[in-house]
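The values are calculated or read from the model by the stated rules, or taken from the named source; none is laboratory data. Note that this is a predicted model, so its numbers are computed, not measured. Counting neighbours? That spans all protein chains shown, and the Cβs are built from the backbone with ideal geometry, glycine included. Just so you know, the surface numbers come from the protein's heavy atoms only, side chains and all, with ligands and any DNA or RNA stripped out. Shrake-Rupley method; radii C 1.70, N 1.55, O 1.52, S 1.80 Å.
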Amino acid sequence: MNIKLSYTLVGLTLVAALWASCSDKKPKSGRTDTASSGVISFASDESFSPIIEEEREIFEKVQCKGNAQLTPIYTNESEGITKLLKSEVYLMITARDYKDDERQSLIDRGYTPLSIILAFDGLSLIQNKENTDSCITVADVTRILNGSVTKWSEIYPGSKKGEITVVFDNKKSSAVHFVEDSILGGKPISNPNVAAVETSEEVINFVEKTPGAIGIIGSNWLDDKRGDSSVARNRNIRTMSVTRLDKATPTNSRKPDQYYIYSREYPLIRTIYALVTDPRRGLPWGFAHFLESPRGQMIIFQTGYMLPYRGDIRLKSVKVNN
């Protein structure tokens, strides 16, 4: 049988010039790091650690030719923002912008808070492969999170998977804040069967062993282009497809792929920011601007899941004969 399938793919052309080259000039007093050399720490939401590790490695070895060393502090959103506001770090990568009071507090203390949009990320729902009910509506996700639904059979009649357990990476994570703000309208999660572990990898481990679980993680953990280094590769999990419509079917539900984030057909999308407070435009400032540079954005694009903020996005139709 000769079947013709049509796929729509996302192409990315980055046309901006490469970010400024590294400089070896160092100040004589105070901090000794420059935009491309020295040693600093920065904070990042743990859910973005796979892509940030790739970015950091390229920045240190290629962009700065080994003259820079960045130590990431992978933590939850709340603790990372606290470190930024206390000036324990000057860069935080997270899924929200400054709040008005945070920005004003920094300005009052003489800082110039900068927020740089880096990418768009689909918040992913993962489940055990034994669970064959893999399409879900936003309305049903809401009912699960607010506790009005606690069993799989209440969504999928006939399901024998029992109680629904919702598992997050951390009770103070950006995933929890997104769910409460953007799905529950500012209300707290009230499902009695909610588990909070410590990391995104632990969410994957939990779901892999628990047929009745739904895990909520950042989509960059799903990247299978990293080969053996991809945490989610060849695991006993699958990504659920989500729809805004009243009934979920395989044809109207979408996974958090780049195209469906670009077209907004995937409904659970969050914006990724680099929040910078660096008063002297040193290494935190340099790394933040590398992340938005053509090279940094291409690294994001190559994940296949996160959608870079900058670049010339072009759509191409490709016919595949199978």
Might you work out the accessible area of TRP285 for me, using a 1.4 Å probe with all protein chains in place, and round it to the nearest 10 Å²? 60 Å²
Using 0.36 nm per residue, how much length does the chain from VAL39 to VAL138 gain when fully extended, once their Cα-Cα distance is taken away? 31.2 nm
Using only Cα atoms, locate the centre of segment 27-88 and the centre of segment 271-310, then give the distance between them in Å, rounded to an integer. 11 Å
Per the C-alpha gyration tensor (a ≥ b ≥ c, the square roots of its eigenvalues), segment 87-219 is rounded if a/c is under 1.5, else prolate if a/b beats b/c, else oblate; here it's prolate
For the pair LYS187 and ARG235, what calculated FRET efficiency results from E = 1/(1 + (r/R0)^6), where r is the Cβ-Cβ distance and R0 = 51 Å, to the nearest 0.05? 0.95
Can you list the aspartates and glutamates whose alpha carbon is less than 18 Å from that of LYS65, not counting same-chain residues fewer than 8 positions off? ASP24, ASP33, GLU53, GLU54, GLU55, GLU57
How long is the gain from MET298 to GLU163 if the chain were fully straight, where each residue apart is worth 0.36 nm and the alpha carbon distance is subtracted? 44.5 nm
